[in-house]
Ligand SMILES: NC(=O)c1ccc[n+]([C@@H]2O[C@H](COP(=O)([O-])OP(=O)(O)OC[C@H]3O[C@@H](n4cnc5c(N)ncnc54)[C@H](OP(=O)(O)O)[C@@H]3O)[C@@H](O)[C@H]2O)c1
């Protein structure tokens, strides 16, 4: 069954060379491919939105230790996307269904229906909300850091897609004070005026430990780390006894030359205060995603959460430039590209 005219060709973004220190436009090509007819059990999906994130930089390194496959040269890249079923040869999905899947970086996706996960369009305000980084932020704050009423929480990389929601989740769970670090004055204002943070500072402004001591004189109870490097070292220094660390990302090491990827661990400070450090890496389960979407929907309607995001226009052809801008810190919140 088909609902709209499906073009014979679809554009896709391919990685054609692995970047050196900097990602450049020459690392990508935008190619046109024949769409082909869906086979038995397959669907055709028009991609409506995809999210961009630093993780794609890791996937452009042939030797990476993240638990996600690297991009292969000359092939379409892939990533988290939502789209609309426009043709279906499967009883499991109907034309018009909203689906989430991983065949991003292209205009249309053709594949077996089992690789596309149906979403309830009415659950969230708009389709791109299904691409929030909430499942990660939620798991980190609830299961890993176990944030409690009254906690003083520090989130590094607070204007990243994960970080924006991590702060809001901590607040909604009853944290007493939520502090974020970010890279500019504009982003500080965004965090405190729009993203629900109580306080924020620019990590370029002097020693991070000093900024933290000013904002959390009694120490921090929870650290949600997206950055590593100096910010991790500072958090160990100002942690209150019994503090819990959820180690989510290492932005300081993922961007550029990896400096800061390996912070020094001050055992003499950590042991007597009985700090708990837990890393987590999750390819989210359906339960985690559906659980978050339900919670997100409730908190959005209660005004306890928002979806901080930057919309990228220009379709598939604009993705390489948008990815480069992301790595330069140009976006705020989750970067979502409109593909249709
Ligand atoms: N553990 C997991 O399961 C899991 C799942 C998803 C993501 N992650 C990780 O979580 C982190 C956040 O992911 P995301 O997709 O939300 O990130 P993102 O949106 O791609 O973050 C982009 C932001 O990173 C910041 N940044 C860049 N270089 C930095 C540096 N040297 N030091 C500090 N901040 C820097 C910039 O903000 P400023 O302007 O503030 O510098 C930039 O706007 C990443 O490390 C990602 O790999 C982990």
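Residue-wise test of (1) surrounded by fewer than 21 Cβ atoms within 10 Å (Cβ to Cβ); (2) away from the ligand (no atom under 16 Å from the Cβ).
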residue: 218; (1), (2): yes, yes
residue: 227; (1), (2): no, no
residue: 231; (1), (2): no, no
residue: 238; (1), (2): no, yes
residue: 241; (1), (2): yes, yes
residue: 244; (1), (2): no, no
residue: 250; (1), (2): no, no
residue: 254; (1), (2): no, no
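From the set of residues in the stretch 115-150 that are buried (at least 23 other Cβ atoms within 10 Å of the Cβ) and away from the ligand (no atom under 15 Å from the Cβ), which is nearest to the chain's Cα centre (by Cα)?
130
What tally of residues in the stretch 201-216 results from selecting those that are away from the ligand (no atom under 15 Å from the Cβ), more than 21 Å from residue 262 (Cα to Cα), outside any loop (DSSP other than H, G, I, E, B) and touching a residue at least 12 places away in the same chain (Cβ under 8 Å)?
2
Residues of the stretch 204-216 being surrounded by fewer than 24 Cβ atoms within 10 Å (Cβ to Cβ), closer than 27 Å to residue 143 by Cα and in contact with a strand residue (DSSP E or B) (Cβ under 9 Å, 6 or more places away or on another chain), which ones?
215, 216
Just one of (1) more than 10 Å from the ligand (Cβ to nearest atom); (2) assigned to a helix (DSSP H, G or I); (3) farther than 18 Å from residue 148 by Cα; (4) touching a helix residue (DSSP H, G or I) at 6+ places or on another chain (Cβ under 8 Å) trips up residue 170, so point out which.
With (1) more than 10 Å from the ligand (Cβ to nearest atom); (2) assigned to a helix (DSSP H, G or I); (3) farther than 18 Å from residue 148 by Cα; (4) touching a helix residue (DSSP H, G or I) at 6+ places or on another chain (Cβ under 8 Å) applied to residue 170, the lone miss is (3).
Out of the residues in the stretch 47-64 that are outside any helix (DSSP H, G or I) and within 12 Å of the ligand (Cβ to nearest atom), which is surrounded by the most Cβ atoms within 10 Å (Cβ to Cβ)?
52
Rule-based calculations on the coordinates, nothing more; no lab input. Predicted, not measured: the structure shown is a model, and the values here were computed from it. Using ideal geometry, Cβ is built from the backbone for each residue, glycine included, and neighbour counts are taken over all protein chains shown.
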